[in-house]
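These notes concern the structure reproduced below.
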Amino acid sequence: MAVSSKGQNVSRKGLSDVFGVALTTVDAWVKRGCPVVVRGHGKGSEWQFNTAQISQWLQDQAVDNATGGIPDNKDELELRKQKAETELAELKLAKEKGEVALISEFERAQSIAFSIIRSNILNIPQRAVLQLLGETDERTFKEKLRAELVLALETVADSDIEDDEYE
């Protein structure tokens, strides 16, 4: 193993041994951007990592995870705060304009719409039975069923869903 001024240069296997992790963990670190001294290319070409660089990278990752990536620079924090305040003001304005809705309101409207669709589709056999009784032409049969399905779906599309109507 080659020794650097700080840490040691080790292979992929050596890195897994030093840090007590599986080779798949080392591979995951590489995908996440850990520092690499030498990239291995194909068989016989070993990857090289510096243990001090990896240790520092892991510490930085832990700090980022713990702080949520919050910068420690006062100017950056102030810009971030201003951006958040601007986004909040824009969101409040959009809400006042009726351009956004609460997720719970959306979920309730979707639930009502799906309930109407279900009801309409389940009523198709009752509506279609007289039209299809004795029908032997497959194309006509399919066209009438399709028309009933389209009608069931268009009914919900054309309806104005209000919570008050369905509570």
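Does region 87-94 include one or more residues that are surrounded by fewer than 10 Cβ atoms within 10 Å (Cβ to Cβ), at pLDDT 85 or above and either assigned by TED's automatic domain parsing to the domain that holds Glu148 or more than 27 Å from Val36 (Cβ to Cβ) (or both)? There is no residue in region 87-94 that is surrounded by fewer than 10 Cβ atoms within 10 Å (Cβ to Cβ), at pLDDT 85 or above and either assigned by TED's automatic domain parsing to the domain that holds Glu148 or more than 27 Å from Val36 (Cβ to Cβ) (or both). Against the definition (over 31 Å from the mean Cα position of the chain (by Cα) and at pLDDT 90 or above), how does Gly20 come out, yes or no? Yes; evaluated as a whole, the condition is true for this residue.
The values are calculated or read from the model by the stated rules, or taken from the named source; none is laboratory data. These numbers come from a predicted model, not from an experiment. Positions of Cβ are backbone-derived with ideal geometry, glycine not excepted, and every protein chain shown enters the neighbour counts.
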